[in-house]
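The values are calculated or read from the model by the stated rules, or taken from the named source; none is laboratory data. Every value quoted in this text rests on a predicted model; they were computed, and no experiment measured them. Cβ: placed from backbone, ideal geometry, glycine included. Neighbour counts: every protein chain shown. For accessibility, only protein heavy atoms count, side chains too; no ligands or nucleic acids. Shrake-Rupley method; radii C 1.70, N 1.55, O 1.52, S 1.80 Å.
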Amino acid sequence: MSLLATSSQTAGPYVHIGFEKLAHHDLAPPGVTGERIAISGRVVDGNGAPFNDGYIEIWQANAHGRYNHPEDEQDKPLDEHFGGFGRAPTDEQGMFRFYTVKPGAVPGLHNEMQAPHINICILARGVLKRIATRLYFEDEAEMNRVDPVLNLVPEKRRATLIAKRDPARPAYRLDICLQGENETVFFDI
(Lines give C-alpha, C1' and ligand atoms only; values in the text may rest on other atoms or scores of the structure.)
Protein backbone atom coordinates (compact mmCIF):
# COMPACT_ATOMS: atom_id res chain seq x y z
CA MET A 1 0.00 0.00 0.00
CA SER A 2 1.34 3.45 -0.96
CA LEU A 3 1.10 6.42 1.38
CA LEU A 4 2.36 8.93 -1.18
CA ALA A 5 0.33 12.11 -1.67
CA THR A 6 -1.80 12.18 -4.79
CA SER A 7 -2.72 15.16 -6.93
CA SER A 8 -6.10 15.34 -5.22
CA GLN A 9 -4.34 15.96 -1.90
CA THR A 10 -2.06 18.80 -2.98
CA ALA A 11 -2.22 21.90 -5.15
CA GLY A 12 0.53 20.68 -7.46
CA PRO A 13 2.83 19.89 -9.06
CA TYR A 14 1.41 22.15 -11.79
CA VAL A 15 0.01 24.99 -9.72
CA HIS A 16 0.69 27.69 -12.30
CA ILE A 17 -0.90 25.70 -15.13
CA GLY A 18 -4.04 24.99 -13.11
CA PHE A 19 -4.52 28.51 -11.78
CA GLU A 20 -3.18 30.59 -14.67
CA LYS A 21 -6.62 31.20 -16.22
CA LEU A 22 -8.06 32.01 -12.79
CA ALA A 23 -5.61 34.80 -11.91
CA HIS A 24 -7.34 38.06 -11.05
CA HIS A 25 -5.09 40.67 -9.46
CA ASP A 26 -7.04 43.87 -10.19
CA LEU A 27 -10.01 44.08 -7.82
CA ALA A 28 -10.54 47.82 -8.28
CA PRO A 29 -11.97 48.53 -11.74
CA PRO A 30 -13.14 52.02 -12.74
CA GLY A 31 -16.18 53.05 -10.74
CA VAL A 32 -15.28 51.20 -7.55
CA THR A 33 -15.89 53.10 -4.31
CA GLY A 34 -13.04 53.80 -1.92
CA GLU A 35 -9.32 54.52 -1.81
CA ARG A 36 -7.60 52.58 -4.59
CA ILE A 37 -4.41 50.96 -3.31
CA ALA A 38 -1.76 48.51 -4.40
CA ILE A 39 -0.64 45.73 -2.09
CA SER A 40 2.48 43.74 -2.74
CA GLY A 41 4.97 41.56 -0.99
CA ARG A 42 7.55 38.86 -1.28
CA VAL A 43 7.04 35.31 -0.04
CA VAL A 44 10.17 33.50 1.16
CA ASP A 45 10.94 30.19 2.83
CA GLY A 46 12.78 29.81 6.14
CA ASN A 47 16.15 30.28 4.43
CA GLY A 48 15.08 33.50 2.70
CA ALA A 49 14.77 31.84 -0.72
CA PRO A 50 11.92 33.10 -2.93
CA PHE A 51 8.71 31.09 -2.92
CA ASN A 52 8.32 31.26 -6.68
CA ASP A 53 5.80 28.57 -7.48
CA GLY A 54 2.74 29.60 -5.51
CA TYR A 55 -0.46 31.59 -5.71
CA ILE A 56 -1.73 34.18 -3.31
CA GLU A 57 -5.47 34.56 -2.82
CA ILE A 58 -7.02 37.53 -1.06
CA TRP A 59 -10.54 38.26 0.06
CA GLN A 60 -11.74 41.37 1.78
CA ALA A 61 -14.61 43.66 2.61
CA ASN A 62 -15.36 46.69 0.45
CA ALA A 63 -14.53 50.27 1.46
CA HIS A 64 -17.72 50.39 3.56
CA GLY A 65 -16.76 47.27 5.55
CA ARG A 66 -19.13 44.81 3.88
CA TYR A 67 -18.23 41.53 2.20
CA ASN A 68 -19.78 40.62 -1.14
CA HIS A 69 -21.22 37.42 0.32
CA PRO A 70 -24.81 36.33 1.03
CA GLU A 71 -24.04 35.80 4.73
CA ASP A 72 -22.96 39.42 5.19
CA GLU A 73 -26.31 41.06 5.90
CA GLN A 74 -24.97 44.28 7.39
CA ASP A 75 -26.84 47.47 6.67
CA LYS A 76 -23.91 48.85 4.69
CA PRO A 77 -23.73 49.50 0.95
CA LEU A 78 -22.60 46.80 -1.46
CA ASP A 79 -20.42 48.03 -4.28
CA GLU A 80 -21.56 46.42 -7.53
CA HIS A 81 -18.10 47.00 -9.00
CA PHE A 82 -16.23 45.23 -6.19
CA GLY A 83 -16.19 41.47 -5.68
CA GLY A 84 -13.56 41.36 -2.95
CA PHE A 85 -11.64 38.28 -4.20
CA GLY A 86 -8.36 38.08 -6.07
CA ARG A 87 -5.72 35.55 -7.03
CA ALA A 88 -2.18 36.21 -8.27
CA PRO A 89 0.93 34.10 -8.83
CA THR A 90 4.26 34.67 -7.16
CA ASP A 91 7.00 35.47 -9.67
CA GLU A 92 10.58 34.17 -9.83
CA GLN A 93 11.54 36.44 -6.93
CA GLY A 94 8.53 35.37 -4.84
CA MET A 95 6.77 38.71 -5.43
CA PHE A 96 3.00 39.25 -5.71
CA ARG A 97 0.87 42.35 -6.36
CA PHE A 98 -2.82 43.26 -6.22
CA TYR A 99 -4.75 46.44 -7.00
CA THR A 100 -7.74 46.87 -4.74
CA VAL A 101 -9.46 49.30 -2.37
CA LYS A 102 -8.65 49.81 1.26
CA PRO A 103 -11.31 47.86 3.16
CA GLY A 104 -13.49 49.28 5.88
CA ALA A 105 -13.74 47.87 9.40
CA VAL A 106 -15.93 44.78 9.81
CA PRO A 107 -17.69 43.24 12.80
CA GLY A 108 -16.28 40.01 14.16
CA LEU A 109 -17.38 37.55 16.80
CA HIS A 110 -19.84 39.17 19.24
CA ASN A 111 -19.96 42.19 16.87
CA GLU A 112 -16.56 43.46 18.06
CA MET A 113 -15.19 45.70 15.32
CA GLN A 114 -12.12 44.41 13.53
CA ALA A 115 -9.57 46.77 12.06
CA PRO A 116 -9.49 47.05 8.26
CA HIS A 117 -7.65 43.99 7.00
CA ILE A 118 -7.24 41.69 4.01
CA ASN A 119 -7.39 37.92 4.37
CA ILE A 120 -4.57 36.09 2.59
CA CYS A 121 -4.28 32.45 1.57
CA ILE A 122 -1.16 30.85 0.10
CA LEU A 123 -1.46 27.90 -2.29
CA ALA A 124 1.45 25.93 -3.70
CA ARG A 125 2.80 22.64 -4.88
CA GLY A 126 3.06 20.28 -1.94
CA VAL A 127 0.89 22.36 0.39
CA LEU A 128 -1.68 20.01 1.89
CA LYS A 129 -3.87 22.64 3.54
CA ARG A 130 -4.38 26.33 3.04
CA ILE A 131 -1.88 28.66 4.64
CA ALA A 132 -3.90 31.60 5.94
CA THR A 133 -2.83 34.95 7.34
CA ARG A 134 -3.98 38.57 7.37
CA LEU A 135 -2.68 41.92 6.21
CA TYR A 136 -3.35 44.86 8.54
CA PHE A 137 -2.50 48.47 7.67
CA GLU A 138 0.16 50.39 9.64
CA ASP A 139 -1.83 53.63 9.32
CA GLU A 140 -4.77 52.07 11.19
CA ALA A 141 -2.79 51.90 14.45
CA GLU A 142 -5.71 52.87 16.72
CA MET A 143 -8.03 50.22 15.29
CA ASN A 144 -5.20 47.67 15.18
CA ARG A 145 -4.62 48.26 18.89
CA VAL A 146 -8.16 47.05 19.74
CA ASP A 147 -8.64 44.46 16.97
CA PRO A 148 -9.82 41.23 18.68
CA VAL A 149 -7.98 38.91 16.26
CA LEU A 150 -4.72 40.86 16.25
CA ASN A 151 -4.84 40.90 20.05
CA LEU A 152 -4.76 37.08 20.06
CA VAL A 153 -1.27 37.29 18.54
CA PRO A 154 1.69 37.79 20.90
CA GLU A 155 2.71 41.45 20.71
CA LYS A 156 6.25 40.74 19.50
CA ARG A 157 4.86 38.79 16.50
CA ARG A 158 2.15 41.26 15.40
CA ALA A 159 4.56 43.15 13.14
CA THR A 160 4.53 40.14 10.78
CA LEU A 161 0.92 41.07 9.93
CA ILE A 162 1.29 44.84 9.54
CA ALA A 163 1.77 46.15 5.99
CA LYS A 164 3.97 49.22 5.61
CA ARG A 165 2.64 52.15 3.60
CA ASP A 166 4.69 53.60 0.79
CA PRO A 167 4.94 57.34 1.61
CA ALA A 168 5.09 58.27 -2.10
CA ARG A 169 1.93 56.51 -3.32
CA PRO A 170 -1.19 54.65 -2.16
CA ALA A 171 0.54 51.30 -1.74
CA TYR A 172 1.31 48.86 1.05
CA ARG A 173 3.83 46.04 1.34
CA LEU A 174 3.69 42.90 3.46
CA ASP A 175 6.43 40.30 3.11
CA ILE A 176 5.57 36.76 4.15
CA CYS A 177 8.05 34.29 5.62
CA LEU A 178 6.77 30.70 5.62
CA GLN A 179 8.91 29.39 8.46
CA GLY A 180 11.88 30.05 10.69
CA GLU A 181 12.88 32.89 12.98
CA ASN A 182 10.91 35.56 11.08
CA GLU A 183 7.88 33.37 10.35
CA THR A 184 4.69 35.24 9.60
CA VAL A 185 1.76 34.53 11.92
CA PHE A 186 -0.63 32.02 10.30
CA PHE A 187 -4.19 31.18 11.33
CA ASP A 188 -6.15 27.94 11.32
CA ILE A 189 -9.23 28.31 9.14
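Once the C-beta distance of residue 33 and residue 129 is scaled by a Förster radius of 35 Å, the resulting FRET efficiency is 0.55 to the nearest 0.05. Loop-located GluC sites (Glu not before Pro) across segment 21-97 with a Cβ neighbour count of 14 or fewer within 10 Å are 35, 71, 73, 80, 92, with loop assigned by DSSP. I want to make sure I understand the PRE zone here: with the label point 7 angstrom from the Cα of residue 76 toward its beta carbon, which residues in segment 118-160 have backbone N atoms less than 19 Å away? Residues 118-120, 134-151 qualify, since their backbone N sits under 19 Å from the label point. Volume per residue for segment 78-189 equals 145 cubic angstrom (convex hull of Cα atoms).
Extending 7 Å from the Cα toward the beta-carbon at both residue 151 and residue 164 defines two label points whose distance is 2.8 nm. Considering only Cα atoms, the convex hull volume of segment 24-91 works out to 109 Å³ per residue.
Accessible surface computed residue by residue for the chain, with neighbouring protein chains in place and a 1.4 Å probe, gives 57 Å² per residue.
Helical content alone sets the calculated 222 nm signal of the chain at -1000 deg cm²/dmol, taking -39,500 (n - 2.57) per DSSP H segment of four or more residues and averaging over every residue. Take every pair of alpha-carbon atoms less than 8 Å apart whose residues are at least six positions apart; their mean separation over the length of the chain yields a relative contact order of 26 percent.
Karplus-based coupling profile of segment 107-124, in residue order and whole Hz: x, x, 4, 6, 6, 6, 6, 9, 4, x, 7, 10, 7, 10, 10, 10, 10, 6, with θ = phi - 60° in 6.51 cos²θ - 1.76 cosθ + 1.60 and x standing for Gly or Pro.
Based on the reciprocal of the average 1/r between different C-alpha atoms, the Kirkwood radius for segment 68-126 equals 14.2 Å. Accessible surface of the chain, 1.4 Å probe: 53 percent of it comes from carbon and sulfur atoms. Label-to-label distance, residue 142 versus residue 26, with points set 7 angstrom from Cα along the beta-carbon direction: 3.5 nm.
Temperature 37 °C, viscosity 0.692 mPa s: under these conditions the Stokes-Einstein estimate for the chain, based on its Kirkwood radius over C-alpha pairs, is 189 µm² per second. For segment 127-189, a/c is not less than 1.5, where a ≥ b ≥ c are the root eigenvalues of the C-alpha gyration tensor, and a/b does not top b/c. That puts it in the oblate class.
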